[in-house]
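Okay, so here's the structure we're looking at.
The values are calculated or read from the model by the stated rules, or taken from the named source; none is laboratory data. This structure is a prediction, so every number in the text was calculated from the model and none was measured. Cβ sites come from the backbone with ideal geometry, for glycine too, and all protein chains shown count toward neighbours.
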Amino acid sequence: MWIDFEADGVPALNSPVMIVAVSTSMAQYRALYSQARELAEYLLKKMDFKKVGTVRASAFPPEVLVRKDGLSTLPECSFYLSRGERDLILFAGDTSPADEQYEFAEFILKVASKMGVKELYSVGARWAENPLPSEAEPQPTGFATDAEGVAKLKKQNVRILGEEPAPFFASMVVAMAKDFGIRGFKLSVDHGEPSPHVRSVTKLLEILCAMASFEVDLGEIRAKAAPTPPARQPGNSTIYH
């Protein structure tokens, strides 16, 4: 795997916790699977983060991104640091890896381990379920690397998944975390809420704040979360059904 990692010096961290929040860059899937990107964008907007490292890799889709200023760049993701009683590291950016996902997850976990991370939260959409109707209330689901992690999810009313596959990087980085002495958590929601996924992202942020011990003002995103629409009547259709 080709990888270009530019890292600024990271000082000693205080019990750091890490959130992995990357979504696919493929336009045809963004409407369904952009919850992680939206969550990361909100955190970066509302909290004080400093970029401490940037990654470009052959694991990312083979594309060039043309920015607003007309300049082309390769896709990239970055590590961001927010200082607090417990330091928060956010991994976010243009895309999730499309290839070499095991190798990319291993790289991310090596960086996290060097930073002293002992807990990692990966967020995104669940993949194995049928899409929910748009009026359904989002229900956070998840799994963890060990029984203690599962118990912590249950305390936050996260529905624990079982007997189903959880594909792709956002889930693989959780399962592989235990090999690096890191407890991994996957937080997801069933897809079906129309984009932007403000109700889903709000629920995920509420859980993350409680479990990872940080604070972010949720007033703006809660105000954008429209009331749950009435249930569809027989014969009605959506893009999901």
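Of the residues making up the range 134-188, those that are on the phi > 0 side of the Ramachandran plot and over 19 Å from the mean Cα position of the chain (by Cα) number 2. Of the residues making up the range 102-142, those that are assigned to a helix (DSSP H, G or I) and in contact with a helix residue (DSSP H, G or I) (Cβ under 8 Å, 6 or more places away or on another chain) number 9.
Scanning the range 174-229 for residues that are touching a Ser or Thr at 6+ places or on another chain (Cβ under 7 Å), at pLDDT 95 or above, among the charged types (D, E, K, R) and not in a helix (DSSP H, G or I) yields ARG183, LYS186.
In this structure, does SER171 turn out to be assigned to a helix (DSSP H, G or I), surrounded by 19 or more Cβ atoms within 10 Å (Cβ to Cβ) and touching an Asp or Glu at 6+ places or on another chain (Cβ under 6 Å)?
no
Within the range 84-100, restricting attention to residues that are touching a residue at least 60 places away in the same chain (Cβ under 8 Å) and surrounded by fewer than 19 Cβ atoms within 10 Å (Cβ to Cβ), the residue that is farthest from ASP8 (Cα to Cα) is GLU100.
The strands (runs of 3 or more DSSP E) falling completely within the range 1-101 that include 3 or more residues that are within 18 Å of the chain's Cα centre (by Cα) and of a type outside the set (S, T, N, Q) map to 17-20, 50-57, 77-82, 88-93.
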